[in-house]
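Report on one structure; see the data block that follows.
Every number here is computed from the coordinates shown, using simple stated rules; none is lab data. Not measured: the values here are computed from a predicted model. Glycine also receives a Cβ, built like all others from the backbone with ideal geometry; neighbour counts cover every protein chain displayed.
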Amino acid sequence: MEINIKDQLRFLSMNYLFENWDTEIKKTEKEDWTAAKFLKHVIKKEYEHKTERSRANRTKSAKAPIEYTIETYPFAQQPHLNKKRLLSNYESLNYIHEQRNIILMGPTGTGKTGLATAFLLNAVNAGHRGRFVLFSDLINELWASQADNKTKTVINKYASYKCLLIDEIGYLNVETAQVGLFFTLMQKRHKKSCTIITTNLGFKEWEGYFGHKQLASVLIDRLTDNGHVINMKKCVGLRADADVD
């Protein structure tokens, strides 16, 4: 490879061509491609390389603990779920395009986190920025941000994700002031993006958990407005100690 071509490809961040220039040139010469066919081929390869790299970076930034997919979800163990409707929502990405929230509620071991993560990563693979975060970690980060006046920055960060998965609401005791910070974030995301939530609590338990009737009521209204509520049950055919969340 000529040095000037190598430098130019590196400067242009054309990484696929930088790494495979000699191979592609030999292929062109061997198969006697026209200049137009060669250009179409290498542009396609460069595009595929960049889009895959971007997808991989988005997946890494999403911080999902496991890369669940809808194809591996054990629907046979949740026969009450409307599989056809879920797959339609998943494949069409309506929950992203129409800013529809998804709330999965049910006891531990019902597959809430697995199904929620599949929806999150589906959005990420389609080109959208997403993030997985435990509710406990989110609350702690929001609470700690007040000490150095970075609350607005943290809220804006989580508000910016097109798809935000907040996992395990109901396992951490929260103070009213912490609930207020969470409420502010949800207000900022309302009708602008998709929030996916997993919780072991029914909506009737939210008032007692959050310790504030009005905030709990408004949170439920904001999350369910134009959203999907999926009630999960104990999985069929699993051991009592099995955990698919």
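Tally time: how many residues in the range 129-179 are among the β-branched types (Val, Ile, Thr), in contact (Cβ under 8 Å) with a residue 12 or more places away in the chain and in a helix (DSSP H, G or I)? Walk me through it before giving the result.
To start, the set of residues in the range 129-179 that are among the β-branched types (Val, Ile, Thr) comprises 133, 139, 151, 153-155, 166, 169, 174, 176, 179.
Imposing the further condition that a residue be in contact (Cβ under 8 Å) with a residue 12 or more places away in the chain reduces the set to 133, 139, 151, 154-155, 166, 169, 174, 176, 179.
After this cut, where a residue has to be in a helix (DSSP H, G or I) as well, the list is 139, 151, 154-155, 176, 179.
So the count comes out to 6.
Looking at Thr69, Thr113, which one is crowded, with 21+ Cβ neighbours inside 10 Å, of a type in the set (S, T, N, Q) and within 14 Å of the chain's Cα centre (by Cα)?
Details: Thr69 fails: crowded, with 21+ Cβ neighbours inside 10 Å.
From the options Thr69, Thr113, the qualifying one is Thr113.
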Residue pairs within 8 Å by beta carbon, gap of at least six or interchain, first lying in the range 8-26 and among the hydroxyl-bearing types (Ser, Thr, Tyr), second part of a helix (DSSP H, G or I), listed first then second, are Tyr16/Val42; Tyr16/Lys45; Tyr16/Glu46; Tyr16/Glu48; Tyr16/His49; Tyr16/Lys50
If a residue has to be in contact with a Lys or Arg (Cβ under 6 Å, 6 or more places away or on another chain) and either under 16 Å from Leu181 (Cα atoms) or surrounded by fewer than 18 Cβ atoms within 10 Å (Cβ to Cβ) (or both) to count, how many in the range 197-217 make the cut?
-> 1
When the range 186-204 is examined, which residues are found to be of a type outside the set (Lys, Arg) and in contact with a strand residue (DSSP E or B) (Cβ under 9 Å, 6 or more places away or on another chain)?
-> Met186, Ser193, Cys194, Thr195, Ile196, Ile197, Thr198, Thr199, Asn200, Leu201, Gly202, Phe203
Subset of the range 106-128 [outside any helix (DSSP H, G or I) and in contact with an Asp or Glu (Cβ under 8 Å, 6 or more places away or on another chain)] = Thr108, Gly109, Thr110, Gly111
What number of residues within the range 6-42 are assigned to a helix (DSSP H, G or I) and either loosely packed, with under 13 Cβ neighbours inside 10 Å or acidic (Asp, Glu) (or both)?
-> 16
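For residues that are basic (Lys, Arg) and farther than 30 Å from Thr51 by Cβ, tally how many sit in the range 126-153. Give the steps one after another, and end with the answer.
From the range 126-153, those basic (Lys, Arg) are 129, 131, 150, 152; that's our starting set.
From the residues that got through so far, the ones that are farther than 30 Å from Thr51 by Cβ too are 150, 152.
Of the residues in that region, 2 qualify.
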